[in-house]
Amino acid sequence: MAYFDNAATTFPKPESVYSFMDQFYRRSGANAGRGSYNIAQESSNLIKETRSLMQELLHCQAKQVVFTPTATIALNIIIQGVIKKGAKNIYISPFEHNAVTRILNAFEEAGCIKVMQLSVTKDLQYDFERIKYQFDDFNPDLVIVSHASNVIGLVAPVEELFNLAKKYGATTLADMAQSAGLVDCNVGLESFDFAVFAGHKTLYGPTGISGFVMKKDFDLPVVLYGGTGFESANQDMPQSLPERFEMGTLNIAGVAGLNASLKWIKEADINEIWKQEQDKRQKLLSLLDDYWFIKVVGNYPNNKYVGIVSCVIDGISSDSAGNIFERCGIAVRTGLQCAPLAHKCIGTFPAGTIRFSVSHFTTEQDFNELIEALDFIEDNL
């Protein structure tokens, strides 16, 4: 099968991820922080090293890395905590995933918050002049920006947006599920309060390990509770980080895989990974352009994109197209991709799109098989 669904999860992973997960979990798969014996200490040391590797990748050595099972859980911890702290006026990009919007919808329906979208132009550039007017009308308490859209791959100018938000005293949150490890971003900047990462996407790690970066002095209320292996007599969650937000047992095998993937990114060089993905995205765009029945959506020449391309096919619904591609041995994602807001923005709601997404490991054979599938569709239209 030709795999073009890397925005869902990158596949395959670097070989070192598979081998180190197996090796470490067989040798040292004990529960970290629950014992002083040797293999438990090895697990604790692995977690500590992996935090350090993440800090290095995101240029945020002075900030805290917190691990969670998924990016969705990380977003819940942060967003619900900031709302619990008193945030009322919340701005989001037009490209947020349901992992963000469903949280906000629940609180907005309860009358707790007001949610507004940051203004973008027709060619999907952030309209800073209009955003200033928005902030003047309703001062932002929290600004959430999807660093890279999971629907069209659009990369947001998150540093500039957060610099503006900070002038109004807002808390800032970057959803980097589709960009961490691919787009070199200085999360260590003072304008970043929080940044969320997904281990299994552009970080090339396994599923089940994600997390977030936060300022160590940010007083974030707790919304999830449980055992931490730390201060067990205390029935309140610990004040110390990361224990305050790492309840339950960490996925040690997942941490091992993330450790290996972060070392792979460091060796391969994030800028080279970016360059190769850009080359493959251009190859994909050129290939799709050869077929009259395909229309790429949300792609404008002056914008920056990760390796995601969305399109529609004349006369075929996205879901039907997905079935055809599956029969042809092509893995794609169709429909709304858990981001209906983005589709409303680009005019593809409610039918959605066919989403292709490449990675470092997309091969010539993958592209050749895609051409064969598109030729088959063309011959049978």
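Only the coordinates and a few stated rules stand behind these numbers; no lab work does. The shown structure was predicted, so the numbers you read here are calculated from the model rather than taken from an experiment. Cβ coordinates were reconstructed from backbone atoms using ideal geometry, including for glycine residues, and neighbour counts include every protein chain displayed.
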Per the charge dipole of the chain (beta-carbon charges, Lys/Arg positive, Asp/Glu negative, Cα centre), the residue among VAL309, VAL196, VAL155 reaching farthest to the positive end is VAL196
Using only the Cα atoms of segment 325-381, build the gyration tensor, take square roots of its eigenvalues as a ≥ b ≥ c, and label the shape rounded, prolate or oblate: rounded if a/c is under 1.5, else prolate if a/b is larger than b/c, else oblate.
-> oblate
So what's the convex hull volume per residue for the Cα atoms of segment 14-54, in Å³?
-> 60 Å³
Could you please rank ARG130, ARG355, placing first whichever residue has the fewest other Cβ atoms within 10 Å of its Cβ?
-> ARG130, ARG355
The alpha-carbon pair-distance distribution computed for segment 63-187, with 10 angstrom bins and whole-percent values, is 12, 47, 36, 5
Anyone know which of PRO340, PRO157, PRO301 comes out most mobile in the 10 Å Cα GNM of the chain?
-> PRO301
Starting from 0 in steps of 5 Å, tell me what percent of the Cα-Cα pairs of segment 279-349 lands in each bin.
-> 3, 14, 23, 29, 21, 9, 1, 0
With an 8 Å cut-off on Cα pairs and a minimum separation of 6 or more residues, tell me the relative contact order of segment 15-268 in percent.
-> 29 percent
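Could you calculate the FRET efficiency of ARG327 with GLN282 from 1/(1 + (r/R0)^6), where r is the beta carbon distance between them and R0 is 22 Å, rounded to 0.05?
Values: r = 28 Å, r/R0 = 1.26.
Efficiency at R0 = 22 Å is approximately 0.20.
Let's see if you can work this out: charge +1 on each Lys and Arg Cβ, -1 on each Asp and Glu Cβ, no other charges. What is the dipole magnitude of the chain about its Cα centre, in debye to the nearest 20?
It works out to roughly 1000 debye.
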Taking other Cβ within 10 Å of each residue's Cβ, how do TYR37, TYR168, TYR305, TYR91 sort, fewest first?
-> TYR37, TYR168, TYR305, TYR91
With only alpha-carbon atoms counted, please give the Rg and Dmax of segment 15-268, in Å.
-> 18.5, 60
Quick one: work out the % antiparallel among DSSP beta bridges in segment 108-219, nearest 5.
-> 45 percent
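Longer than 24 Å from Cα to Cα, which of LYS122/LYS215; LYS88/LYS167; LYS201/LYS266; LYS216/LYS304 are they? Say none if no pair is.
From the list (LYS122/LYS215; LYS88/LYS167; LYS201/LYS266; LYS216/LYS304), the Cα-Cα distance tops 24 Å for LYS122/LYS215; LYS216/LYS304.
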Taking neighbour counts of Cβ atoms within 10 Å as a proxy for exposure, in what order, fewest first, do LYS48, LYS122 appear?
-> LYS122, LYS48
Quick one: work out the % antiparallel among DSSP beta bridges in segment 139-293, nearest 5.
-> 45 percent
In deg cm²/dmol, rounded to 500, what helix-only [θ] at 222 nm does the chain give when every DSSP H run of at least 4 residues adds -39500 (n - 2.57) and the total is split over its residues?
-> -12500 deg cm²/dmol
How many nm is it between the label spots at TYR37 and TYR25, if each spot is 7 Å from the Cα in line with the beta carbon?
-> 2.0 nm
Amide H neighbours of ARG333 under 5 Å, at least 5 residues apart or on other chains, H built in the peptide plane: list them.
-> ARG355
Could you tell me which of the pairs LYS263/LYS283; LYS114/LYS263; LYS13/LYS85; LYS114/LYS166; LYS63/LYS283 are separated by over 30 angstrom between their Cα atoms in the structure shown?
-> LYS114/LYS263; LYS13/LYS85; LYS63/LYS283
